[in-house]
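Asks: I'd like to ask some things about the structure below.
The values are calculated or read from the model by the stated rules, or taken from the named source; none is laboratory data. Please read all numbers here as calculations on a predicted model, not as lab measurements. Glycine gets a Cβ as well: all are built from the backbone with ideal geometry, and neighbour counts include every protein chain shown. Side chains are part of the model used for accessible areas, which takes the heavy atoms of the whole protein and leaves out ligands, DNA and RNA. Shrake-Rupley method; radii C 1.70, N 1.55, O 1.52, S 1.80 Å.
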2 protein chains.
Amino acid sequence: MYRSHTNGELRLSHKEETVTLAGWVQKSRDKGFMIWVDLRDRYGITQLIFDEERTPVEVMERAKSLGREFVIQIKGKVIERESKNANIPTGEIEILVEELEVLNAALVPPFTIEDKTDGGEDLRMKYRYLDIRRNPVKNKLVFRHKVTMEVRNFLSNQDFVEVETPYLIKSTPEGARDFVVPSRMNEGQFYALPQSPQTFKQLLMVGGMDKYFQIVKCFRDEDLRADRQPEFTQIDCEMAFVEQEDILDIFENLTRHLLKEINGVEVEKFPRMTYDDAMRKYGNDKPDIRFGMEFGELNEVAQHKDFKVFNEAELVVGIAVPNAANYSRKEIDKLIDWVKRPQVGALGMVYVKYNEDGSFKSSVDKFYAEEDLAQWAEQTNAKPGDLICVLSGETNKVRAQLSALRMEMAERLGLRDAKIFAPLWVVDFPLLEWDEETERYHAMHHPFTSPKVEDIPLLSTDPAKVKANAYDLVLNGNEIGGGSIRIHDKETQATMFDYLGFSEEEAKAQFGFLMDAFQYGAPPHGGLAFGLDRLVAILGGQETIRDFIAFPKNNAGRDVMIDAPAKIDEQQLKELHLKVELK
Amino acid sequence: MYRSHTNGELRLSHKEETVTLAGWVQKSRDKGFMIWVDLRDRYGITQLIFDEERTPVEVMERAKSLGREFVIQIKGKVIERESKNANIPTGEIEILVEELEVLNAALVPPFTIEDKTDGGEDLRMKYRYLDIRRNPVKNKLVFRHKVTMEVRNFLSNQDFVEVETPYLIKSTPEGARDFVVPSRMNEGQFYALPQSPQTFKQLLMVGGMDKYFQIVKCFRDEDLRADRQPEFTQIDCEMAFVEQEDILDIFENLTRHLLKEINGVEVEKFPRMTYDDAMRKYGNDKPDIRFGMEFGELNEVAQHKDFKVFNEAELVVGIAVPNAANYSRKEIDKLIDWVKRPQVGALGMVYVKYNEDGSFKSSVDKFYAEEDLAQWAEQTNAKPGDLICVLSGETNKVRAQLSALRMEMAERLGLRDAKIFAPLWVVDFPLLEWDEETERYHAMHHPFTSPKVEDIPLLSTDPAKVKANAYDLVLNGNEIGGGSIRIHDKETQATMFDYLGFSEEEAKAQFGFLMDAFQYGAPPHGGLAFGLDRLVAILGGQETIRDFIAFPKNNAGRDVMIDAPAKIDEQQLKELHLKVELK
């Protein structure tokens, strides 16, 4: 071992002890007769002192040559510091160095290894191994480990078994694009990397392994949006002989356990909200309920006046932004510009200032009397001092737009407090969603998701109204998990495939082995998957996942550190029976 | 929840309780007036009783229709059995059924779901989800989970951090073949799946994450030998600021912990053996030391007589097979046939019977006197009653042949006791091995493995003699782990690349980002990886890994259950800029 202690370990109680430390030179101050070096490792920083009068000459000389990020080993005595540093745990002591060995020199790093670095995103990604030396990144990786250990121990203690499912599986045309892997031994054939272990976990249920989990990498070849990764990690779970309530119960307990153990936060029973309510009240199936600004639907109180825009709208809906009635004309114009950005897409915004004195001032005073606006205030739950923002248009679009505005205002007003955790179950998702492109219904969640029994008759009359036994766990406005009770009997499955427009042959071709398995005694089952990257980020008080991943890829799906993907040689292609055909 | 208890849970203490159970029909005995059904789930079997006099008529009728593997739910009262079954934990009770619901009917399974099944290997692989219902397979998967939980908790408690490294990385021509993944977004480029996280874990050391582990899937596109899988799981570990001794210490403790917690076996300090000694004494770098039959080298006592075969051999070497002197001529002939099989490849075998009365009888009595044979007995540690088997030829080949014979004889004599655990560190592996094909030295372990400092001068004079800081952990004749101290300074690395025949440019092209990283302050580091599949199998008292993997592939790399790999459609190929070119 190159050290007797770590650099986060020594205290005044170690005074006079001779210790050996190793680590990286964080910084060095050379006063000529005295040199101080901050020595860093994963555990902290310890101050070293080299002193003309007490340190051997050749050690002193060598100390002068130390550059940033040199890897060194020292031996010395723990002494009490004259000027203590209360900001670090080792701040009461320093090491009077007797021996110094340079284990490895270092080039000057391309950015500073400090909590606040001067390195830009691109540079930090290229030199990720240096970025990981920085506390903000290192701590997030250690935090992630802590979360996964808690998850595993919690589930294992509840009799869940972690089962590894294969990575080299079969491509299915359903869902997102698969990454594929050409097989050398099976000419012209390909494996696919799993988008999730969905079918395998259902097969495990058929196999009697009634409580399964796995923390597992999944792969989706999607055009990457910001903060999406082509490979991501899922906490994947499935249970047999359970109903929806049992699953919500277990994973609510898991989440509560994590909030308590990781964040020290006690949370009561999680509230539940139907998908329909979430859309109506927040315009969003993953509402952030840490703050209000619930939607107020205004059709009844805003239509049938002379304001054509509202009269022609499918939905008129507003929110009361707290304490924003004093926004200047300019500020409001900027807000209107914001909702008109292509990313939001509103055509305009009507506002009502609900003044502190109880009066109203709106951009549509021409059409509405104070009594009308007072009704708006009532519907949006506005209080004197609030600014009511109203959007109108086609229901789904306007809800999405107002939801975006609500989140933006919450952000501006500091209402999205990372220290507050507001979990929420969103339940009763629609079974189907209409696909404009193919002009048919698709399974919203998964073709094996079970419909609510009482809604099955609606399948033939009003498919869009059929609800599923599907649920999402939302935390602070982020979907952190989702799942469903699956169909386990052949009849319902056949009905579903029929409504999804699959012929019997097509269903067999795509889901044959799972359907076969279902004939040999499939138990009732259901499950859930958490997005680990997102869960960890949110527990860590952040919303971007990238720094919670050790070696993330950029938005073009590239690892810029190792420069992957890359060309492979002709011989390798030939062995795989492949030829590259560039456009 | 579909059940109040599992099928392994009820005891006499539950008598008179009304319970709800669910599971699969293991078997049913219909006596007309009474029907017994064994109900099975992951946790055990509970006997149900349907009784003409006490069970409702329609329930009785439905019970008659139950077939094997039907999934049912019942409600009934726990009663005491008249004839108890001491073989199962629930054997003192049975359930008098009041209600019965068939949750799912089942086709007759293609093989019996019993501990001893009538299903052949191929059928069981095709219906793996049914095979998993069988105790021997199910228990192995649960066992695997138990082992991985112990590993994770042990390492985590020692401050190791599990860090997930990426699966979509870059192909390197070194080592075995990579599986590659074509990139849609980066035309004509490919990711590779990792053969191991080797470079990433070294980068993590450069990044200061000084105790890393990961239980991780790895991929090798090799022509599969028996009991090899294209995807396999590794317990991957790396540490910084350590020497070989520190690594052996930690992972010896981990293994000892597993043996204690999993197998209830206490093991003393693990013996160590140099690679050279292992080859000399066992002809093998992963010797099974649960039994003797150590090699006796016989050159000195067997050469320079008139027996030309031995005189011309580079090595004459024998083992004493205990209590086999009474083998008949026919048995010995069969043994000689066995060593001459192509898989072993010996040209013949000389034997010496060391009779109980102290006399010798050999196949080479013509050339050797009793005194000569007595010397052979001394060299091979033979006792009266033993059979000395002697092979000769080129050293490496004959050692491998005799090692195969030693293992075969141990198997036949029942010396490979699965309840005994004999771990062994094999150390001081050669740094380089000669590659006949390319006629140059290759790194035996990895081009970043560090040579023993004292051997560095030998690099230029006798490279084959240079030893590395490399070690394997062997358990019962199986390599379960291996690793090395890595090179961390540029000079040694340059020397190594030079001796491995890399130009500076070639080294940069292949290992550029790691070499770059090494310039920014790489600490001394080293590590080890365990093969989890093998480790779990051996702890489970078995040597084949297949049943410890939930969904294994066959020897052609196929998953016969899901029928992968498979063709993908033209559109998908086109998006990937690929064309299949069959021979």
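Asks: Assess whether B:Y129 counts as being outside any loop (DSSP other than H, G, I, E, B), at the interface with chain A (Cβ under 7 Å from one of its Cβ atoms) and touching a residue at least 24 places away in the same chain (Cβ under 8 Å).
Replies: Numbers: outside any loop (DSSP other than H, G, I, E, B): yes; at the interface with chain A (Cβ under 7 Å from one of its Cβ atoms): yes; touching a residue at least 24 places away in the same chain (Cβ under 8 Å): yes.
Yes; evaluated as a whole, the condition is true for this residue.
Asks: Confirm whether A:Y351 is more than 20 Å from A:G477 (Cβ to Cβ) and part of a loop (DSSP other than H, G, I, E, B).
Replies: On the way: more than 20 Å from A:G477 (Cβ to Cβ): yes; part of a loop (DSSP other than H, G, I, E, B): no.
Taking the combined requirement at face value, the residue does not satisfy it.
Asks: Then there's this: Can you name the residue in the range B:286-299 that is of a type in the set (D, E, K, R) and surrounded by fewer than 19 Cβ atoms within 10 Å (Cβ to Cβ) and is also farthest from B:A377 (Cα to Cα) among such residues? Reasoning before the result, please.
Replies: Residues of the range B:286-299 that are of a type in the set (D, E, K, R), as a first pass: B:286, B:288, B:290, B:294, B:297.
Among the residues that remain, those that are also surrounded by fewer than 19 Cβ atoms within 10 Å (Cβ to Cβ) are: B:290, B:294, B:297.
Values: B:R290: 21, B:E294: 12, B:E297: 11 Å.
Ranking the qualifying residues of the range B:286-299, first place goes to B:R290.
Asks: Next question, about the same structure. Look through the range B:542-552, keep the residues that are more than 7 Å from chain A (Cβ to nearest Cβ) and in contact with a strand residue (DSSP E or B) (Cβ under 9 Å, 6 or more places away or on another chain), and return whichever of them is nearest to A:K579 (Cα to Cα). Steps first, answer last, please.
Replies: To start, the set of residues in the range B:542-552 that are more than 7 Å from chain A (Cβ to nearest Cβ) comprises B:542-549, B:552.
Next cut, in contact with a strand residue (DSSP E or B) (Cβ under 9 Å, 6 or more places away or on another chain) only: B:543, B:545, B:549, B:552.
Details: B:E543: 41, B:I545: 36, B:I549: 34, B:P552: 30 Å.
Ranking the qualifying residues of the range B:542-552, first place goes to B:P552.
Asks: Would you mind stating whether A:A556 is of a type in the set (G, A, S) and within 14 Å of chain B (Cβ to nearest Cβ)? Spell out the reasoning first.
Replies: Values: of a type in the set (G, A, S): yes; within 14 Å of chain B (Cβ to nearest Cβ): yes.
Yes.
Asks: From (1) facing chain A (nearest Cβ under 8 Å); (2) part of a strand (DSSP E or B), pick out the condition that doesn't hold for B:F200.
Replies: (2)
Asks: For the structure I just gave you, tell me whether B:E570 is farther than 20 Å from B:K126 by Cβ, free of Cβ contacts under 8 Å to residues at least 60 places away in the same chain, more than 14 Å from chain A (Cβ to nearest Cβ) and out of contact with any helix residue (DSSP H, G or I) (no Cβ under 9 Å at 6 or more places or on another chain). Can you show your working first?
Replies: Details: farther than 20 Å from B:K126 by Cβ: yes; free of Cβ contacts under 8 Å to residues at least 60 places away in the same chain: yes; more than 14 Å from chain A (Cβ to nearest Cβ): no; out of contact with any helix residue (DSSP H, G or I) (no Cβ under 9 Å at 6 or more places or on another chain): yes.
No: the conditions fail for B:E570.
Asks: Additional query: Of the residues that sit in the range B:58-88 and are closer than 15 Å to B:I45 by Cβ and free of Cβ contacts under 8 Å to residues at least 40 places away in the same chain, which one is least open to solvent (accessible area, probe 1.4 Å)?
Replies: Selected residue: B:R81.
Asks: Those residues that are touching a residue at least 24 places away in the same chain (Cβ under 8 Å), within 18 Å of A:A422 (Cβ to Cβ) and not aromatic (F, W, Y), I need them from the range A:280-305; list them, please.
Replies: The answer is A:G283, A:N284, A:D285, A:K286, A:P287, A:D288, A:I289, A:R290, A:G292, A:M293, A:E294.
Asks: Let me ask you something else. Yes or no: B:L539 more than 7 Å from every other protein chain (Cβ to nearest Cβ), open to solvent by less than 40 Å² (accessible area, probe 1.4 Å), in contact (Cβ under 8 Å) with a residue 60 or more places away in the chain and more than 13 Å from B:R228 (Cβ to Cβ)?
Replies: Details: more than 7 Å from every other protein chain (Cβ to nearest Cβ): yes; open to solvent by less than 40 Å² (accessible area, probe 1.4 Å): yes; in contact (Cβ under 8 Å) with a residue 60 or more places away in the chain: yes; more than 13 Å from B:R228 (Cβ to Cβ): yes.
It is true that B:L539 is more than 7 Å from every other protein chain (Cβ to nearest Cβ), open to solvent by less than 40 Å² (accessible area, probe 1.4 Å), in contact (Cβ under 8 Å) with a residue 60 or more places away in the chain and more than 13 Å from B:R228 (Cβ to Cβ).
Asks: Any idea how many residues of the range A:321-344 are closer than 16 Å to A:G385 by Cα, outside any helix (DSSP H, G or I) and not β-branched (V, I, T)? Spell out how you get there, then give the answer.
Replies: The initial filter retains those residues of the range A:321-344 that are closer than 16 Å to A:G385 by Cα, namely A:321-329, A:331-332.
Remaining after also requiring outside any helix (DSSP H, G or I): A:321-328.
Now narrow it down to the ones that are not β-branched (V, I, T): A:322-328.
Here the count works out to 7.
Each row is one residue, and each column tells you yes or no for (1) open to solvent by less than 30 Å² (accessible area, probe 1.4 Å); (2) within 14 Å of chain B (Cβ to nearest Cβ); (3) more than 30 Å from B:P166 (Cα to Cα).
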residue: A:L39; (1), (2), (3): yes, yes, yes
residue: A:I49; (1), (2), (3): yes, no, yes
residue: A:T90; (1), (2), (3): yes, no, yes
residue: A:P110; (1), (2), (3): no, yes, no
residue: A:N135; (1), (2), (3): no, yes, no
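Asks: When you go through A:Q519, A:Q571 one by one, which is the residue that is of a type outside the set (A, V, I, L, M, F, W, C), surrounded by fewer than 18 Cβ atoms within 10 Å (Cβ to Cβ) and at pLDDT 90 or above?
Replies: On the way: A:Q571 fails: at pLDDT 90 or above.
Checking each option against the conditions leaves just A:Q519.
Asks: Please go through (1) surrounded by fewer than 22 Cβ atoms within 10 Å (Cβ to Cβ); (2) charged (D, E, K, R); (3) outside any loop (DSSP other than H, G, I, E, B) for B:R152 and return the number of the only condition it doesn't satisfy.
Replies: (1) is the only condition that B:R152 fails.
Asks: Any chance the range B:413-421 includes a residue that's surrounded by fewer than 21 Cβ atoms within 10 Å (Cβ to Cβ), aromatic (F, W, Y) and part of a loop (DSSP other than H, G, I, E, B)?
Replies: Yes.
Asks: Output the residue which, of all residues in the range B:92-108 that are hydrophobic (A, V, I, L, M, F, W, C) and outside any strand (DSSP E or B), is surrounded by the fewest Cβ atoms within 10 Å (Cβ to Cβ).
Replies: At the first step, the residues of the range B:92-108 found to be hydrophobic (A, V, I, L, M, F, W, C) are B:93, B:95-97, B:100, B:102-103, B:105-108.
Subset that is outside any strand (DSSP E or B): B:105, B:107-108.
On the way: B:A105: 17, B:L107: 12, B:V108: 9.
Out of the qualifying residues, it is B:V108.
Asks: What number of residues within the range B:183-197 satisfy the criterion of being over 17 Å from B:A529 (Cβ atoms) and more than 7 Å from chain A (Cβ to nearest Cβ)?
Replies: To start, the set of residues in the range B:183-197 that are over 17 Å from B:A529 (Cβ atoms) comprises B:183-192.
After this cut, where a residue has to be more than 7 Å from chain A (Cβ to nearest Cβ) as well, the list is B:192.
Looking only at that region, the number is 1.
Asks: Which one of these does A:G188 not meet: (1) of a type in the set (G, A, S); (2) within 30 Å of A:L573 (Cα to Cα); (3) open to solvent by 20 Å² or more (accessible area, probe 1.4 Å)?
Replies: (3)
Asks: Limited to the range B:136-174, what total is found for residues that are farther than 30 Å from B:G44 by Cβ, in contact with a Lys or Arg (Cβ under 9 Å, 6 or more places away or on another chain) and in contact (Cβ under 8 Å) with a residue 24 or more places away in the chain?
Replies: 12
Rundown of residues vs (1) aliphatic (A, V, I, L, M); (2) in contact with a Ser or Thr (Cβ under 8 Å, 6 or more places away or on another chain); (3) assigned by TED's automatic domain parsing to the domain that holds A:Q47, yes/no style:
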site	(1), (2), (3)
A:A63	yes, yes, yes
A:I72	yes, no, yes
A:S83	no, no, yes
A:P89	no, no, yes
A:E98	no, yes, yes
A:F111	no, yes, no
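Asks: Among the residues that make up the range B:510-527, is at least one of them under 26 Å from the mean Cα position of the chain (by Cα) and away from chain A (no Cβ under 13 Å)?
Replies: First, pick out the residues of the range B:510-527 that are under 26 Å from the mean Cα position of the chain (by Cα): B:526-527.
Subset that is away from chain A (no Cβ under 13 Å): B:527.
There is at least one residue in the range B:510-527 that is under 26 Å from the mean Cα position of the chain (by Cα) and away from chain A (no Cβ under 13 Å).
Asks: Quick check on this structure: which one of B:F497, B:F530 is under 20 Å from the mean Cα position of the chain (by Cα), away from every other protein chain (no Cβ under 14 Å) and under 30 Å from B:K465 (Cβ atoms)?
Replies: Within the list B:F497, B:F530, the selection yields B:F530.
Asks: Answer with yes or no whether B:D178 is touching a residue at least 40 places away in the same chain (Cβ under 8 Å), open to solvent by 10 Å² or more (accessible area, probe 1.4 Å), over 27 Å from B:A509 (Cβ atoms) and among the charged types (D, E, K, R).
Replies: On the way: touching a residue at least 40 places away in the same chain (Cβ under 8 Å): yes; open to solvent by 10 Å² or more (accessible area, probe 1.4 Å): yes; over 27 Å from B:A509 (Cβ atoms): no; among the charged types (D, E, K, R): yes.
Considered against the rule, which asks whether it is touching a residue at least 40 places away in the same chain (Cβ under 8 Å), open to solvent by 10 Å² or more (accessible area, probe 1.4 Å), over 27 Å from B:A509 (Cβ atoms) and among the charged types (D, E, K, R), B:D178 comes out as no.
Asks: Sticking with this one: Looking at (1) out of contact with any helix residue (DSSP H, G or I) (no Cβ under 8 Å at 6 or more places or on another chain); (2) on the phi > 0 side of the Ramachandran plot; (3) open to solvent by 40 Å² or more (accessible area, probe 1.4 Å), which is the one condition that is false for A:G358?
Replies: So the condition that A:G358 fails would be (3).
Asks: Would the range B:379-386 turn up any residue that is part of a helix (DSSP H, G or I), closer than 18 Å to B:E300 by Cα and either open to solvent by 40 Å² or more (accessible area, probe 1.4 Å) or touching a Cys at 6+ places or on another chain (Cβ under 7 Å) (or both)? Please lay out each step first, then the result.
Replies: Going through the range B:379-386, the residues part of a helix (DSSP H, G or I) turn out to be B:379.
Those still in the list that are closer than 18 Å to B:E300 by Cα too: B:379.
After this cut, where a residue has to be either open to solvent by 40 Å² or more (accessible area, probe 1.4 Å) or touching a Cys at 6+ places or on another chain (Cβ under 7 Å) (or both) as well, the list is B:379.
Within the range B:379-386, one or more residues are part of a helix (DSSP H, G or I), closer than 18 Å to B:E300 by Cα and either open to solvent by 40 Å² or more (accessible area, probe 1.4 Å) or touching a Cys at 6+ places or on another chain (Cβ under 7 Å) (or both).
Asks: Being part of a strand (DSSP E or B) and either in the same structural domain as B:I485 (by TED's automatic domain parsing) or more than 30 Å from B:K201 (Cα to Cα) (or both): is that true of B:H446 here?
Replies: On the way: part of a strand (DSSP E or B): no; either in the same structural domain as B:I485 (by TED's automatic domain parsing) or more than 30 Å from B:K201 (Cα to Cα) (or both): yes.
Considered against the rule, which asks whether it is part of a strand (DSSP E or B) and either in the same structural domain as B:I485 (by TED's automatic domain parsing) or more than 30 Å from B:K201 (Cα to Cα) (or both), B:H446 comes out as no.
Asks: Now, a different point. Would you mention how many residues in the range A:217-229 are open to solvent by less than 10 Å² (accessible area, probe 1.4 Å), at the interface with chain B (Cβ under 9 Å from one of its Cβ atoms) and at pLDDT 95 or above?
Replies: Summing the residues that are open to solvent by less than 10 Å² (accessible area, probe 1.4 Å), at the interface with chain B (Cβ under 9 Å from one of its Cβ atoms) and at pLDDT 95 or above in the range A:217-229 gives 1.
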